[in-house]
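Accompanying notes for the structure given below.
The values are calculated or read from the model by the stated rules, or taken from the named source; none is laboratory data. Fair warning: this is a prediction, and the values are worked out from it, not measured in the lab. Virtual Cβ from ideal backbone geometry, glycine too; neighbours counted across all protein chains shown. The protein model used for the area step is the full one, side chains on, heavy atoms only, and it has no ligands, DNA or RNA in it. Shrake-Rupley method; radii C 1.70, N 1.55, O 1.52, S 1.80 Å.
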Amino acid sequence: MDLYLIRHTRPEVEAGLCYGRLDVPLAPTYASDCATVAARLPAVQALWSSPLTRCRVLADAIGTRSGIAPRIDERLCELKFGEWEGQRWDRVDRAQSERWAADYWNVAPPGGETYRELCERVGAVLAEILACDAPRIAVVMHAGPIRAALAHCLQFEPQRYPELGFAYGGISLLRTNDTGWRLEYLND
């Protein structure tokens, strides 16, 4: 089974903005960006997406190319940053953000969720996705859930999460066989 983990294309947001689960507008280049990403994938037999517009538009492009409709699932949304969403990072209370950064696995932003909670919800939806048993599956989501899915399949330790960066429109491929998951490429 091939599992394509795809980050949404670039949104139109101010640099330094914490946008997490906000449904922000797409960059003016979204149509060509989505077409480029969709063209880089083989036809897939199953397709899931976060409900946020920046993911759904890309999932629709992939689905059109593969002849299938995406299944939309709220559990594929980005980490809930709570009160920080819509704020510039440099305006977030420094003491709160430092406390969170020191232990993001167990500490949530005010009104948000921890990385542990993110991993639990992504793990639950990932189990359903993998149960469909399609040979090629694509999942369009955000950087946080991609980290969680990779950690789940490859058994990464939480402290390794910051090592994983993902470009807008980046594709990562996991392949499974009798011995387990193997990362074929990251953020291609």
Tally the residues that are open to solvent by less than 30 Å² (accessible area, probe 1.4 Å) and more than 16 Å from ASP2 (Cα to Cα), restricting the search to the range 38-50. 2
Kindly provide the set of residues from the range 36-56 that are over 12 Å from GLY169 (Cα atoms) and in contact with a His (Cβ under 8 Å, 6 or more places away or on another chain), ordered by number. SER50, LEU52
How many of the residues making up the range 1-37 are open to solvent by 70 Å² or more (accessible area, probe 1.4 Å) and closer than 24 Å to LEU130 by Cα? 0
Just one of GLU157, GLU78 is within 15 Å of the chain's Cα centre (by Cα), among the charged types (D, E, K, R) and under 23 Å from LEU183 (Cβ atoms); which is it? GLU78
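Output the residue which, of all residues in the range 97-113 that are without any contact (Cβ under 8 Å) to a residue 24 or more places away in the chain and closer than 24 Å to GLU14 by Cα, is most open to solvent (accessible area, probe 1.4 Å).
Residues of the range 97-113 that are without any contact (Cβ under 8 Å) to a residue 24 or more places away in the chain, as a first pass: 97-103, 106-107.
Narrowing the set further to residues that are closer than 24 Å to GLU14 by Cα leaves 97-98, 100-101.
Numbers: SER97: 28, GLU98: 97, TRP100: 37, ALA101: 60 Å².
Once the filter is applied, the top-ranked residue is GLU98.
Filter the range 81-96 down to the residues that are touching a residue at least 12 places away in the same chain (Cβ under 8 Å) and assigned to a helix (DSSP H, G or I), then identify the one that is least open to solvent (accessible area, probe 1.4 Å). Explain how you work it out, then say what you get.
The first filter runs over the range 81-96 and keeps only residues touching a residue at least 12 places away in the same chain (Cβ under 8 Å), leaving 81-90, 92, 96.
Retained after the next criterion (residues that are assigned to a helix (DSSP H, G or I)): 82-84, 89-90, 96.
Numbers: GLY82: 23, GLU83: 120, TRP84: 5, TRP89: 96, ASP90: 110, GLN96: 77 Å².
Result: TRP84.
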For the range 114-131, the count of residues that are hydroxyl-bearing (Ser, Thr, Tyr) and buried (at least 21 other Cβ atoms within 10 Å of the Cβ) equals 1
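Residues are listed down the side, and each one gets a yes or a no for (1) in a loop (DSSP other than H, G, I, E, B); (2) without any contact (Cβ under 8 Å) to a residue 40 or more places away in the chain; (3) among the polar types (S, T, N, Q):
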{"position": "LEU126", "(1), (2), (3)": "no, yes, no"}
{"position": "VAL140", "(1), (2), (3)": "no, no, no"}
{"position": "ALA148", "(1), (2), (3)": "no, yes, no"}
{"position": "HIS152", "(1), (2), (3)": "no, yes, no"}
{"position": "THR176", "(1), (2), (3)": "no, no, yes"}
The residue that is modelled with the highest pLDDT, considering only those in the range 132-164 that are touching a Cys at 6+ places or on another chain (Cβ under 9 Å) and open to solvent by 40 Å² or more (accessible area, probe 1.4 Å), is ARG147
The number of residues in the range 57-80 that are under 21 Å from LEU118 (Cβ atoms), part of a helix (DSSP H, G or I) and in contact (Cβ under 8 Å) with a residue 40 or more places away in the chain is 4
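If you take the residues of the range 101-115 that are assigned to a helix (DSSP H, G or I) and either modelled with pLDDT of 95 or more or among the small types (Gly, Ala, Ser) (or both), which of them is farthest from ARG75 (Cα to Cα)?
At the first step, the residues of the range 101-115 found to be assigned to a helix (DSSP H, G or I) are 101-102, 115.
Next, from what is left, pick out any that are either modelled with pLDDT of 95 or more or among the small types (Gly, Ala, Ser) (or both): 101-102.
Values: ALA101: 23, ALA102: 25 Å.
The qualifying residue farthest from ARG75 (Cα to Cα) is ALA102.
Take the conditions touching a strand residue (DSSP E or B) at 6+ places or on another chain (Cβ under 7 Å) and in contact (Cβ under 8 Å) with a residue 40 or more places away in the chain and apply them to LEU26. Does it pass? Even if it seems obvious, please write down each step before you answer.
On the way: touching a strand residue (DSSP E or B) at 6+ places or on another chain (Cβ under 7 Å): yes; in contact (Cβ under 8 Å) with a residue 40 or more places away in the chain: no.
Judged against the criteria, LEU26 is not a match.
Of a type in the set (Val, Ile, Thr) and open to solvent by 80 Å² or more (accessible area, probe 1.4 Å): is that true of THR53 in this structure?
On the way: of a type in the set (Val, Ile, Thr): yes; open to solvent by 80 Å² or more (accessible area, probe 1.4 Å): no.
Answer is no for this residue.
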